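J.: Below is a structure I'd like to ask you about.
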Amino acid sequence: MSNATTTPYQSFLSRHFAVLLIAACLVFIVCLVHLFGSVMVQRVVIEALIRIVIVVGIYIFTGNSGIISFGSVTFMAIAAYATGWQTCCEMLKPITMSGLPSILRDNSYPVYVSALTSVSLAALAAFVVGLILMRLGGLAASISTLAILFILNVSYSNWETVTMGTASMVGLPTYITPWIALGAALIAVVCAWVFQNSARGILLRATRADEVAAAACGVSLYWSRLIAWTLSGAVMGLAGVLTAHFLGTVSINSYFLNLTFLALAMLVVGGMKSLSGAVVGVVVVSTIVDMFRRLEAGVSLGDTTLSLPAGTQELVLAGVMIVILMFRKDGLMGGKEFCLPKRWAAVRSESVTSERNAQ
Amino acid sequence: MQNLIQIIVDAVALGSLYALVSLSIGLVFGVMRLINFAQADYITIGAYALVVPTASVSPALLLGALPFAFMAGGVVVVVVVLALLTERLAFRPMRGSDPATLLVSSFAVSYFLQHLVMLIHSGRPKSVGIGNSLSAAVEFWGIRVPGTQLLTMGVALVMLVAMVFFLKKTPMGIQMRAAAENFQMARLMGVKANRVIATAFAISGIMAAAVSLLLVVQTGTLDIRMGLMPVIFAFFATVIGGMGSLPGAALGGFIVGFVTVGLQAFLPPDLRAFRDAFVFMLVIGFLLFRPQGLIVTSAARERV
């Protein structure tokens with residue numbers, strides 16, 4: 001049944017409005033920064049884009065399955081170290097990381113090769129961990145992801161000959177420009193969107209809504225979760241590679257509870273049940289954090305410099321998160337995606353009905 | 001033989017410390033399905049209450065300057081008030097959320113408190129000399145037991161006995177057990193939800209205060225993350241013992257203590273550094289093969 005007001009283009013637009021809007025905004029911001037931004041602003045934007053990759057990475061699993069993951073940062077660390085081993089400090093490696101296999105110890109690899117292999121390694125690690133963990137559900141799964149985070153932290157902190165323990169690996173090539181970060185953020189967002197609208201993603205969302213009912217309808221909890229977990233691990237790996245090559249250093253303790261908390265705060269504030277929520281959370285929390293970081297550094301009013309004591313930023317962040325959890329459990333977006341404004345929404349509903357009728 | 005006994009003493013001492021922490025986590029989980037990570041910060045703040053807030057590395061004593069009874073009493077009061085405040089302001093409005101959301105919110109509260117301490121006391125580790133006289137070792141039949149270990153075991157024993165007495169013999173304790181068994185039904189029978197939960201928090205505060213004093217006496221240092229690792233281990237101990245079961249929590253605490261000390265003693269030297277990773281793997285193993293824990297309560301069974 002055709003409808004005069006609906007073109008295929010419009011129906012595509014309305015169906016994928018959220019992801020198109022997010023992508024357009026990101027591209028627009030990076031263009032602005034490219035044209036007018038100072039180096040400082042560029043760094044802030046790169047940081048925010050990397051955070052989008054992180055939070056979307058966690059969202060792919062947590063948002064779709066409803067199981068809060070405290071351990072996704074683990075796969076960032078795995079990828080960050082992997083890319084560090086491949087690209088960092090050729091002269092120093094044999095001394096500082098003598099336990100590496102010689103293929104890594106005595107050679108360096110181009111950054112794109114290392115990025116690919118590192119992301120694959122993170123995905124593989126997630127898959128292997130997931131084979132075990134995804135048999136669990138609910139709180140038990142959350143707890144075991146936390147255990148994974150601790151296991152990796154203990155292992156890498158003490159594996160002196162390979163990871164340099166808790167010391168930082170320095171001297172990674174820093175090649176992350178706003179455009180590369182944008183590309184990664186777009187990949188992450190599109191991956192998340194495609195997954196959540198795929199048959200697998202919808203099945204997984206069904207298990208989120210009601211585990212028992214979904215299982216009774218024949219949805220395999222295990223495979224749906226495992227696929228999401230692996231994809232999430234790959235995106236986290238991407239975030240790890242970006243972080244490593246943005247900062248130029250890798251140290252295990254920057255992939256631990258603080259980062260986990262920040263990422264979860266973003267996810268909670270925006271709303272962990274929708275992709276739009278994940279992205280909004282990053283933007284809102286990054287803005288708050290950045291604003292208070294500046295206030296802590298000091299604002300000059302005439303002759304006097306007013307500054308907040310260091311640490312206010314963290315207090316405000318935790319406070320915001322608690323307030324959101326109390327009064328708006330589903331986050332700012334309330335679990336909804338961005339949709340077309342009302343005027344076009346009529347078109348949207350018609351197009352949906354026409355599709356239904358066509359079937 | 002002596003060596004073995006020494007190891008067992010170490011294990012009991014560490015286990016009783018973990019048991020204290022895991023009991024307080026288990027108690028609160030029992031009545032409101034909240035895994036309270038802020039327990040770590042109750043411990044930290046209890047310890048920091050001993051000193052005057054300054055940026056100095058060896059600060060002047062505040063509560064720590066008082067005679068022992070007043071010092072202990074003061075720390076208990078501080079931590080209990082803190083525990084009640086977090087319950088009233090942060091956790092009460094979230095009552096009834098699912099456990100995973102509550103876990104996230106307790107992370108947020110913990111993060112808040114940790115940075116509050118950092119704001120007031122600065123982030124640097126500090127040294128305090130309290131209970132130095134206790135670190136002298138006492139010798140029994142050729143086995144040297146550090147005084148701090150004896151103290152830990154003694155305190156844990158007293159508190160465990162007091163807990164059992166409280167839970168079995170007092171009206172409040174019986175109400176609390178009823179609430180842990182089936183909160184809804186207990187309320188219908190006239191158990192006051194607010195009072196039971198607040199009492200659970202207060203008791204968890206008392207235990208946190210005891211743990212913070214024990215940690216300070218043992219290590220002589222203050223650190224804003226000093227409560228974290230004991231609480232993480234104790235939390236995993238409650239998982240092993242059975243979430244919501246108090247005997248299970250205590251048992252889990254001792255198991256984690258024994259496993260930790262045992263691994264330290266018997267692992268090959270180059271694997272010893274990874275000791276804690278093995279403990280965490282044990283937890284995942286438990287979650288896979290016995291997710292309800294060693295001691296199962298009716299509350300742990302999910303109903304459909």
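J.: Which whole-number percent is the relative contact order of region A:58-168 (Cα, under 8 Å, 6+ apart)?
T.: Values: 107 pairs, mean separation 41.7, N = 111.
Contact order relative to length: 38 percent.
J.: Something else: What helices does chain B hold that run 24 Å or longer along their axis, going by alpha-carbon atoms, with a Kyte-Doolittle average of 0.5 or more, using DSSP H for the helix calls?
T.: The qualifying helices are B:2-32, B:68-86, B:99-121, B:147-169, B:193-219, B:246-266.
J.: Rounded, prolate or oblate: which fits region B:20-226 when a ≥ b ≥ c are the square roots of the eigenvalues of the alpha-carbon gyration tensor, with rounded for a/c under 1.5 and prolate only if a/b beats b/c?
T.: On the way: a/c = 2.35, a/b = 1.40, b/c = 1.68.
Judged from the Cα gyration tensor, region B:20-226 comes out oblate (a/c at least 1.5, b/c at or above a/b).
J.: Relative to the first principal axis of the alpha-carbon coordinates of chain A, what is the inclination of helix A:111-133, with its axis defined by its Cα atoms, in degrees from 0 to 90 and to the nearest 10?
T.: The helix A:111-133 is inclined about 70 degrees to chain A.
J.: Please average, across the residues of B:281-294, the number of beta carbons from any other chain that are within 10 Å of each residue's own beta carbon, and give a whole number.
T.: Values: counts 4, 1, 6, 11, 3, 3, 10, 6, 0, 0, 9, 1, 0, 0.
The per-residue average across the peptide is 4.
J.: I'd like the orientation of helix A:312-327 relative to chain A: the angle between its Cα long axis and the longest Cα principal axis, in ° from 0 to 90, rounded to 10.
T.: The angle comes out at about 30 degrees.
J.: For residue B:265 and residue B:65, calculate 0.36 nm times their separation in residues minus their Cα-Cα distance, and state this gained length in nm to one decimal.
T.: Values: separation 200, 0.36 × 200 = 72.00 nm, distance 3.79 nm.
Result for the pair: 68.2 nm of gain on full extension.
J.: Roughly how crowded by other chains is peptide B:273-280, in terms of the mean Cβ count from those chains within 10 Å of each of its Cβ atoms?
T.: Working: counts 7, 6, 2, 7, 10, 2, 4, 11.
The shielding value for this peptide is 6.
J.: If you don't mind, there's one more thing I want to ask. Find the centroid of the Cα atoms in region B:122-183 and in region B:32-86, then give the distance between the two in whole Å.
T.: The distance from the Cα centre of region B:122-183 to that of region B:32-86 comes to 16 Å.
J.: Going by average Cβ density within 10 Å per residue, which order do the peptides A:31-42, B:59-70 take, highest to lowest? Can you show the working numbers first?
T.: Working: A:31-42: 11.9, B:59-70: 14.0.
The densest-packed peptide leads the list: B:59-70, A:31-42.
J.: Can I ask one more? Taking 0.36 nm per intervening residue step and subtracting the Cα-Cα distance, what contour gain separates residue A:24 from residue A:12 on full extension? Intermediate values should be presented prior to the final figure.
T.: Values: separation 12, 0.36 × 12 = 4.32 nm, distance 1.51 nm.
Answer, rounded to one decimal: 2.8 nm.
J.: For region B:219-304, what is the convex hull volume of the alpha-carbon atoms per residue, in Å³? Kindly include the intermediate steps, with their values, before the conclusion.
T.: Details: hull volume 10.5 nm³, N = 86.
Expressed per residue, the convex hull around the Cα atoms of region B:219-304 is 122 Å³.
J.: Additional query: What is the angle, in °, between the Cα long axis of helix A:178-197 and the longest principal axis of the Cα atoms in chain A? Nearest 10 is fine, range 0 to 90.
T.: 40 degrees
J.: Next up: Cut-off 10 angstrom, C-alpha nodes, Gaussian network model of chain B. Which of B:117, B:217, B:239 fluctuates the most?
T.: Between B:117, B:217, B:239, it is B:117 that shows the largest mean-square fluctuation.
J.: Is region A:1-95 best put as rounded, prolate or oblate by its Cα gyration tensor, with a ≥ b ≥ c the root eigenvalues, rounded for a/c under 1.5, and otherwise prolate when a/b is larger than b/c, oblate when not? Present the calculation step by step, with values, prior to reporting the outcome.
T.: Values: a/c = 2.93, a/b = 1.65, b/c = 1.77.
Oblate shape, in that a/c is at least 1.5 and b/c is the bigger or equal ratio.
J.: Hey, with R₀ at 41 Å, roughly what FRET efficiency would residue B:166 and residue A:131 work out to, going by the Cβ-Cβ distance, to 0.05? Before the final figure, lay out the partial values.
T.: Working: r = 44 Å, r/R0 = 1.08.
Efficiency, from the Cβ-Cβ distance: 0.40.
J.: At q = 0.07, 0.09 Å⁻¹, what is the log10 ratio I(q)/I(0) for the protein assembly as shown, with the Debye formula run over Cα points and no solvent?
T.: -0.50, -0.82
J.: Then there is this: So what is the relative contact order for region A:8-358, in percent, with contacts set as C-alpha pairs under 8 Å and at least six apart? Let's see the in-between values first.
T.: Working: 529 pairs, mean separation 97.0, N = 351.
Dividing the mean separation by the residue count of region A:8-358 yields 28 percent.
J.: Sort out for me the Cα centre separation of region A:277-312 from region B:218-244, rounded to whole Å.
T.: 33 Å
J.: Provide the packing ranking of A:66-74, B:166-174, i.e. peptides ordered by the mean count of other C-beta atoms within 10 Å per residue, highest first.
T.: Numbers: A:66-74: 27.3, B:166-174: 13.4.
Output ranking for A:66-74, B:166-174: A:66-74, B:166-174.
J.: Oh, and also: Can you give me the Cα centroid spacing of region A:112-137 and region A:143-177 in angstrom?
T.: Here the two parts' Cα centres lie 16 Å apart.
J.: For chain B, modelled as a GNM with alpha-carbon contacts under 10 angstrom, which of B:165, B:107, B:37 fluctuates the most?
T.: Maximum fluctuation in the GNM of chain B, among the listed residues, is at B:165.
J.: So which residue, out of B:196, B:75, B:138, gets the largest mean-square fluctuation from a GNM of chain B using Cα contacts under 10 Å as springs?
T.: The residue with the greatest mean-square fluctuation here is B:138.
J.: Using 7 Å Cα-to-Cβ label points, what is the residue A:35/residue A:326 separation (nm, one decimal)?
T.: The modelled label-to-label distance comes out at 4.4 nm.
J.: Given +1 on the Cβ of Lys and Arg, -1 on the Cβ of Asp and Glu, and no further charges, what dipole in debye does region B:20-226 carry about its Cα centre, rounded to the nearest 20?
T.: 480 debye
J.: Which shape class applies to region A:8-358: rounded if a/c is under 1.5, otherwise prolate when a/b exceeds b/c and oblate if not, where a ≥ b ≥ c are the square roots of the Cα gyration tensor eigenvalues?
T.: Values: a/c = 1.60, a/b = 1.22, b/c = 1.31.
Judged from the Cα gyration tensor, region A:8-358 comes out oblate (a/c at least 1.5, b/c at or above a/b).
Every number in this text was worked out from the coordinates using simple rules, so none of it is lab data. Computed from a predicted model, the values in this text were never measured in an experiment. Methodologically, a virtual Cβ is constructed for each residue, glycine included, from the backbone with ideal geometry; neighbour enumeration extends over all protein chains shown.
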